[in-house]
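Asker: Below is a structure I'd like to ask you about.
The values are calculated or read from the model by the stated rules, or taken from the named source; none is laboratory data. In this text, all values refer to a predicted model and were calculated from it rather than measured experimentally. All Cβ positions, glycine included, derive from the backbone under ideal geometry; neighbour counts span all protein chains shown. The protein model used for the area step is the full one, side chains on, heavy atoms only, and it has no ligands, DNA or RNA in it. Shrake-Rupley method; radii C 1.70, N 1.55, O 1.52, S 1.80 Å.
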Amino acid sequence: MSQLIPVTCARNCYDNCRLIAEVSGGKIVRVRASNDLITRGILCPKAIADPMRIYSRSRVLYPYVKTVKGFKKVSWDEALSLVTSRLGELLSNPSEILYLEYGGNIGLMTRYFSRRLWHFIKAAVTDYSICDAGGGEALRLMYGSTYGILPKDYSRVKLFIFWGFNPVVSAPHMFNLIKDVRSRGGASIVTIDIRSSETAKLSDVHVRIKPGSDGVLALGIANYLISEGKTDEEFIKKYVHGFKEFSEHVSKYDLRTVEELTGVPRDEVIDLAEALYESRPFCILMSYGLQRRVGGGEIVRSIASLPAILGVHRGFYYGNRDGLYLDYKHIQGLHLWSPSRVISMQKVGKYLARGDFKFVYVHLTNPAATLPNSNKVVEGLKRSDVFVVVHDTHWSDTAKLADVVLPAPTFYEKRDVVCGYWHNCIYLNESVIEPLGDSLSEVEVMEKLAEQLNLSPSVVADPLKVIREAVGDEVFGKLLREGVAEIPYRPLSEYQTPTGKIELYSTSAAAKGLSPLPNPPSGEVLSKGEYLLITSAHPHYMHTQFEDVYGVVPSDVTINDSDACKLGVSDGDVVELYNEFGRVLMRVKVSSDVPQGVLWSPRHAKGVDGKRVSVLMSDDVEEVGGGSVLNSTRVKVRKVKEVARKH
Ligand SMILES: Nc1nc2c(c(=O)[nH]1)N[C@H]1C(S)=C(S)[C@@H](COP(=O)(O)OP(=O)(O)OC[C@H]3O[C@@H](n4cnc5c(=O)[nH]c(N)nc54)[C@H](O)[C@@H]3O)O[C@H]1N2
Ligand SMILES: Nc1nc2c(c(=O)[nH]1)N[C@H]1C(S)=C(S)[C@@H](COP(=O)(O)OP(=O)(O)OC[C@H]3O[C@@H](n4cnc5c(=O)[nH]c(N)nc54)[C@H](O)[C@@H]3O)O[C@H]1N2
Ligand SMILES: [Mo]
């Protein structure tokens with residue numbers, strides 16, 4: 001007899017699906033999809049493959065210590081006493097301890113509660129800026145916070161614009177929900193992307209734009225609407241600050257300039273502007289890929305001006321966490337303690353390699369593969385004076401470089417409370433199966449470390465009690481009774497800016513020395529022989545996860561036909577991509593899906609030489625919000641090997 005046990009996916013994905021694990025003989029034999037509003041009976045390729053990944057040979061099942069002969073299996077006691085003796089020596093110099101963590105599991109206990117130990121000892125942390133920081137800060141400058149329309153309100157939306165967003169791959173359940181709204185009520189779907197993405201191919205309209213020029217398009221649309229008198233005056237009077245300055249500012253974005261800079265024909269610009277005006281309420285879904293570039297924050301700010309002049313309260317989606325009445329700071333203990341140093345995530349490699357840190361604790365991330373300028377990350381982690389501890393479910397690239405590796409249970413093997421950044425549901429996960437091997441959860445490891453270091457009991461608080469304080473009694477009560485609850489959401493018409501209005505002229509930006517009005521780049525400019533390398537999500541992988549099931553992330557680099565011709569390369573040939581940060585060998589795929597001058601690879605692609613494409617990624621820092629500029633990476637291309645062709 002098998003048992004069916006519900007569990008919510010805790011991966012760093014918009015969807016956060018409700019899954020049903022089929023358990024037989026204490027093992028998960030299959031994963032199914034629940035039929036709720038979000039999951040809708042559909043599984044993504046990752047959830048389908050979970051049983052294989054849970055029981056794969058690349059699981060870390062026991063603690064290991066690195067020796068000259070390789071990794072040696074040890075007991076938890078041995079591993080922990082090694083870790084705490086190193087950590088103990090540095091407690092009086094906490095800025096030499098780096099706590100490196102990201103979104104391998106976004107559970108409130110696994111990810112947020114376990115930060116308490118590191119905050120308590122004042123370890124250095126990162127600014128968590130790799131993914132969405134530029135756009136997030138841009139929205140805060142203008143709207144006071146990032147939240148937008150919730151999925152349960154999509155049924156009233158008449159136009160969805162996926163702006164630099166590829167949800168068919170990166171948020172398949174979001175796309176399915178919106179596709180359903182389209183087929184029921186006649187809403188349309190527009191995608192604005194530099195390439196023919198999977199989503200562009202399934203949309204009603206694909207607006208193909210030059211990389212990095214989206215802000216120009218948005219301000220051009222704004223200028224057109226203002227000059228045509230197609231704005232919502234009442235709304236602007238009541239809710240918008242700085243419309244006059246904004247109108248003057250955007251007047252330079254005439255249709256000719258916009259067409260020239262963005263490559264979008266003027267008729268398409270007008271169509272898009274008219275569609276927005278006619279199809280209110282609309283929802284502009286801006287992705288994180290769009291803003292991971294130089295000027296990314298200003299691009300998001302420019303796009304976010306459109307709902308303001310057209311009278312749609314927060315007519316966008318970017319990330320909804322800010323809208324939830326959930327006190328994340330409280331769970332992390334940030335109301336009690338603060339880190340001794342906060343470093344840019346883009347610069348982790350640089351700072352590690354130059355010896356800023358003596359002890360690095362890594363969990364929920366695989367930085368040797370996923371951070372920019374990753375050659376430096378690897379160099380830094382390999383330094384003989386740096387002690388590296390990795391707590392992971394699997395033997396990641398980073399675990400293989402560690403001094404101590406600790407086994408972690410997957411989200412199927414531990415209790416947690418899960419809540420994401422798209423919908424407002426919060427779920428209680430009970431463990432579906434016993435933890436595999438000797439694995440211990442993040443909370444358990446934190447408790448053990450705190451105990452051995454004789455730290456205050458306030459670090460090792462009861463996680464459920466702390467979560468209850470963070471969500472309030474009512475939500476918590478429902479969560480315990482029913483396993484799921486909705487978190488109350490801030491009103492869409494509330495703007496947490498200094499003026500209480502949407503600030504097209506941002507007073508906070510001015511105070512920070514940034515341009516008070518949106519000031520987007522005119523697009524990526526390439527020098528002779530340079531290509532722009534864009535990387536984005538692949539359906540089979542969650543970043544570097546699932547390589548144990550689907551094989552390594554393919555080493556493909558997609559090149560436009562005419563560029564391939566110029567370079568004298570064809571499908572299957574091996575080329576070297578190189579720049580000031582590193583070099584990697586990739587396999588050519590010729591396609592008109594990408595425009596001239598642009599190369600596309602799956603994120604974290606593993607080259608034919610075994611190197612990750614991340615060795616090429618620029619570690620520059622975006623001005624607004626300190627975001628990453630991964631999609632502003634420039635490379636040169638050299639043909640290395642021709643594939644044998646049949647004649
Ligand atoms: N299968 C899968 N799903 C995932 C993930 C995963 O690894 N695998 N990761 C999750 C995470 S952490 C994230 S952050 C999201 C990311 O997923 P998305 O938010 O969808 O972002 P990306 O995949 O980075 O890029 C989306 C699109 O932006 C386009 N783009 C790049 N530059 C520009 C530009 O200048 N202008 C325009 N208009 N378009 C541009 C790219 O061509 C790409 O099609 O996905 C989440 N979902
Ligand atoms: N070139 C390029 N680089 C990028 C991006 C890009 O688009 N292009 N995208 C960036 C973005 S948006 C992001 S979000 C980052 C993501 O970067 P990472 O967060 O480093 O991504 P993952 O490879 O998913 O690493 C997560 C790790 O957590 C582990 N893990 C999973 N569940 C658990 C758990 O419950 N407990 C523990 N202890 N470990 C667990 C996994 O095994 C894996 O090793 O990459 C960034 N880097
Ligand atoms: Mo991300």
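Asker: I'd like the Karplus ³J(HN,Hα) series for segment 319-330: coefficients 6.51, -1.76, 1.60, θ = phi - 60°, whole numbers in Hz, and an x wherever there's a Gly or Pro.
Answerer: Calculated HN-Hα couplings, in order: x, 9, 4, 4, x, 7, 7, 9, 8, 5, 4, 5 Hz.
Asker: If you don't mind, another one. Based on DSSP H runs of at least 4 residues, each adding -39500 (n - 2.57), what is the mean residue ellipticity at 222 nm of the chain after dividing by all its residues, to the nearest 500 deg cm²/dmol?
Answerer: Helix-only estimate at 222 nm: -8500 deg cm²/dmol.
Asker: I would also like to ask the following. Whenever you get a sec, compute what percent of the accessible area on segment 133-318 sits on carbon and sulfur atoms (1.4 Å probe).
Answerer: 48 percent
Asker: Next up: Taking a cut-off of 13 Å, what percent of all Cα-Cα pairs in segment 3-54 are separated by more than that?
Answerer: 54 percent
Asker: Now a separate question. Out of Val445, Val269, Ile192, whose Cα points farthest toward the positive end of the dipole of the chain (charges: +1 Lys, Arg; -1 Asp, Glu; placed on Cβ)?
Answerer: Of the listed residues, the answer is Val445.
Asker: Per the 1.4 Å probe, what fraction of the accessible area of segment 593-647, in percent, lies on carbon and sulfur atoms?
Answerer: 47 percent
Asker: With every protein chain present, what is the per residue accessible area of the chain (1.4 Å probe, Å²)?
Answerer: Per residue, the chain has an accessible area of 37 Å².
Asker: Under 14 Å Cα-Cα from Lys589, which aspartates and glutamates qualify once same-chain neighbours fewer than 8 residues away are excluded?
Answerer: Asp556, Asp561, Asp563, Asp571, Asp573, Glu576, Glu642
Asker: Enumerate by residue number the trypsin sites (Lys or Arg not before Pro) in segment 61-103 meeting two conditions: DSSP loop (anything except H, G, I, E, B), and at most 16 other Cβ atoms within 10 Å of the site's Cβ.
Answerer: Counting only loop positions with at most 16 other Cβ atoms within 10 Å, the trypsin sites (Lys or Arg not before Pro) in segment 61-103 are Lys69.
Asker: For Glu444 and Lys329, compute 0.36 nm times the residue count separating them, minus their Cα-Cα distance, and round to one decimal in nm.
Answerer: 39.4 nm
Asker: If you don't mind, another one. What is segment 122-276 by shape, rounded, prolate or oblate, if you read a ≥ b ≥ c off the alpha carbon gyration tensor as root eigenvalues and call it rounded for a/c under 1.5, prolate for a/b larger than b/c, and oblate otherwise?
Answerer: rounded
Asker: If you don't mind, another one. Return the sequence-ordered ³J(HN,Hα) values of segment 458-464 in whole Hz as given by the Karplus equation 6.51 cos²θ - 1.76 cosθ + 1.60 applied to θ = phi - 60°, using x for Gly and Pro.
Answerer: 5, 5, 8, 5, 7, x, 5
Asker: Another question about this same structure. Write down Rg/Rh for the chain, rounded to two decimals, with Rg from the C-alpha atoms and Rh from the Kirkwood relation over Cα pairs.
Answerer: We get a ratio of 0.96 for the chain.
Asker: Between Asp385 and Glu469, what's the calculated FRET efficiency when r is the beta-carbon distance and R0 is 60 Å? Round to 0.05.
Answerer: Efficiency, rounded to the nearest 0.05: 0.90.
Asker: Identify all lysines with a Cα-Cα distance to Lys152 below 27 Å; exclude those on the same chain that are fewer than 8 residues away in sequence.
Answerer: Lys46, Lys179, Lys201, Lys238, Lys329, Lys478, Lys501
Asker: Pairs Lys414/Lys465; Lys66/Lys465; Lys210/Lys252: which are spaced more than 27 Å apart, C-alpha to C-alpha?
Answerer: As for pairs spanning more than 27 Å Cα to Cα, those are Lys66/Lys465.
Asker: Kindly express, to the nearest 10 degrees and within the range 0 to 90, the angle between helix 45-54's C-alpha long axis and the longest C-alpha principal axis of the chain.
Answerer: Long axis of 45-54 versus the principal axis of the chain: about 10 degrees.
Asker: Tell me whether segment 358-472 comes out rounded, prolate or oblate; compute the Cα gyration tensor, take square roots of the eigenvalues as a ≥ b ≥ c, and use a/c under 1.5 as the rounded threshold.
Answerer: prolate
Asker: Can you give the Rg and Dmax of segment 531-640 based on its C-alpha atoms, in angstrom?
Answerer: Rg, Dmax (Cα atoms, Å): 13.6, 41.
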